Amino acid sequence: MVEDNYSAKDIKVLEGLEGVRKRPAMYIGSTGKEGLHHLVYEIMDNSVDECLAGVCNLIKISLNKDGSVTVEDNGRGMPVDMHPVYKKSAMEVIVTKLHAGGKFDNKAYAVSGGLHGVGISVVAALSKKMTVEVKKDGQIYSQSYKIGTPLGDVKVIGKCEKGVTGTTVTFFPDDEIFSTTKFDFNTLCSRFREVCMLNPGLKIIFSDEFTGKKEEFHYAGGLVEFVKWLNRTREALHKPIYFKKQGEDVIAEVAIQYNDSYNENIHGFVNTINTIEGGTHVAGFKTALTRVINDYAEKKGILKKDEKLEGDDVREGLVAIISLRLKSPQFEGQTKTKLGNSEIKGIIDSITTSALAEFFEENPDIAKKITQKAANALKAREAAKKAKDLVRRKNALGMSGLPGKLADCSSKKMEITELYIVEGQSAGGTAKGARDKEFQAILPLKGKILNVEKANPTKALSSEEVANLITAIGTSVGDHFDIEKLRYNKVIIMADADVDGQHIKTLLLTLFFRYLPLLIEEGHVFVAVAPLYKMRRSGKDYYVYTEEELRKVIEKFGKGDVQRFKGLGEMNDEQLWDTTMNPKTRILKQIFVEDAVEADETFSILMGDAVEPRRKFIEENSKEAELDL
Ligand code: 1YM
């Protein structure tokens, strides 16, 4: 039997809101924290739409002590007049009917069609109670609802000053639906900040009555302030680049500011909706950016003839916001946060190309900085590829893939292994004889390695000595760097205490700082300190590390034949073991990142205090130390 007092339309309304309670996640994403916060955004979106229409500049939001949330705006006030079809107040239709408000469709740039964009009726259905108040025509109208059902008609509950307009919505999230009804102040702040940065005319005042915390958001600088804010913890390379252009059915606003990092940070927004999954607007922007920077680099001779910057090169250190006002956005993707309008790619590409090219013409200093940074990224990318190819080639050649000159250790337990990088073939030979084969590996170097500070990465990393070293260490460099592949726990540089030795250490440390900084950061790099003097007495050699130590040795054993120690190569296996390789008696100076201001400077610091641990060791273990000397 058909109930004749229900119209078909009414039944549809009822079914609609029941559906929301049955499958809330379909409408607001989840019934957890995220979904809960979404309720606030859905209500606020109506106010932001008013702001986009240019008729609202203030939104007040408060988390109330009774657990409710209030959102208030100074827009035109939701319509309250009689709805011609439903014969009810428009307010009631808007709040109780899913996707209500035919007028929505005609809005120029609505925050609709976002993640869910289903509006106030969904919030009403998921609230134990909701009250909507509208100030309009000198009257205050009000209606309350219980899980989406009106508790009475729309009534006039008071008067307000003529000309004052606005809408206030207060709702209690239903704790039978949500796993938590506790809002996070900072999460809400982030979204409010974002909305205000995207709408420079808007102010949001947010207060938490539980804690008394209050925040005001208003950014007259708009997107320019947005990129500056995103770069607040970084060193920006230039003042922000900003442009706003109108295309057909679209207004595009873009702000760009590079920083000194290597990360890419691009955010797209469409009608204030964060398009997390990107889309055609972001794609168009990226295409244009790559083209403009390539063109500039070519024009100014910054690149070699056949070199071309890739997208990743021009986006190193980039912070950019692309914000669109679009009449009919189509959202796609898993979370409906990817812009699908295909015509937008070409429009944003051409807007960005012309605006950016013009900016580069007018600001050559900034243009050069950006282009140079991209060119450096290209060099690093090529160097990493070369190094990888080289390692691959080596792997193809040798059975083990390790340099032929490396005398590897037998243990595979990384925690105990050490690689000694030894200056010169002869010291290398002695070290091979002196070492403990189980955990000490030796890599002799042919003399000085290339100064990587002066050579471009491609050349630096492909020189045989450097390539051998990187292969032995195992981690590779650049994008392919993988600390998990490190083959030794300690990488120890062993060179003479003379000028040449110091130079070699400097070159090696420069290489580490430049291409393997994580090795230093994680404490894997050391310098073995070689003795300064050798004293021969009664057929016995004594090696000492400081003037002070020399004095002590003379006091103890009497003066012998003292020589400034010439080099590691003149020791026999046993002496080398005792002075620089035996873990019990050697002095290792660990290299820290803080030391890395300048490799040369590092050295003076290094040589200055390296004697300390040895002296301490001698003082603490004077007996053994004397015997070892
Ligand atoms: C705190 C929540 O909902 N404000 C609000 C909503 C509307 C209007 C103004 C409004 C819009 C229009 C005309 C229009 C809504 N209107 C509709 C509908 N704040 C809040 N402020 N007059 C007033 O878009 O043409 C739905 S919400 F359906 F009428 F368009």
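FYI, it's all coordinate maths here, none of it is from the lab. Just so it is clear, the model here is predicted, and its values are computed rather than measured. Note: ideal-geometry Cβ built from the backbone for every residue, glycine included; neighbour counts use all protein chains shown.
The table that follows gives values for the structure above.
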item	result
For region 411-528, projected area of the alpha-carbon convex hull averaged over all directions, nm²	6.9
Chymotrypsin sites (Phe, Trp or Tyr not before Pro) lying in DSSP loop within region 245-313, provided at most 10 other Cβ fall within 10 Å	none
Label-point gap, in nm, between Asp482 and Glu277 - each point 7 angstrom along Cα→Cβ	3.1
0 to 90° range, to nearest 10: angle between helix 464-473 axis and the chain longest Cα axis	70
Label-point separation, Lys182 to Thr335 (7 Å along Cα→Cβ), nm	2.3
DSSP-defined antiparallel bridges as percent of all bridges, region 250-339, nearest 5	65
Three-way shape call for region 306-394 based on the alpha-carbon gyration tensor, with the a/c threshold at 1.5	oblate
Ranked packing of 81-87, 142-148, most packed first, by mean Cβ within 10 Å	142-148, 81-87
Listed residues Ser89, Phe359, Phe210: farthest to the positive end of the dipole of the chain (Cβ charges)	Phe359
Gain in span if fully extended, Asp436 to Lys459, counting 0.36 nm per residue against the direct Cα distance	4.8 nm
Of all DSSP beta bridges in the chain, antiparallel share, percent nearest 5	70
Centre separation in Å (Cα based) which lies between region 332-360 and region 519-544	63
Listed pairs Lys135/Lys162; Lys228/Lys300; Lys244/Lys368; Lys65/Lys182 exceeding 18 Å between Cα atoms	Lys228/Lys300; Lys244/Lys368
Residues of type aspartates and glutamates that Lys136 reaches as a straight line, Cα spacing below 13 Å, ignoring anything fewer than 8 places off in the same chain	Asp73, Asp81, Glu161
Lys239-Ile266 FRET efficiency (beta carbon distance; Förster radius 22 Å; 0.05 resolution)	0.70
Sequence-separation-based contact order of the chain, relative, with Cα cut under 8 Å and 6+ spacing, percent	8
Label point 7 Å beyond Cα of Asn363 along Cβ direction - residues of region 201-235 with amide nitrogen under 17 Å	221-232, 235
Per-pair calculated FRET efficiency, R0 = 51 Å: Ser328 and Ile157 via Cβ, rounded to 0.05	0.85
All aspartates and glutamates inside 20 Å of Lys559 as judged from Cα atoms, apart from same-chain residues fewer than 8 positions distant	Asp541, Glu547, Glu548, Glu549, Glu626, Asp628
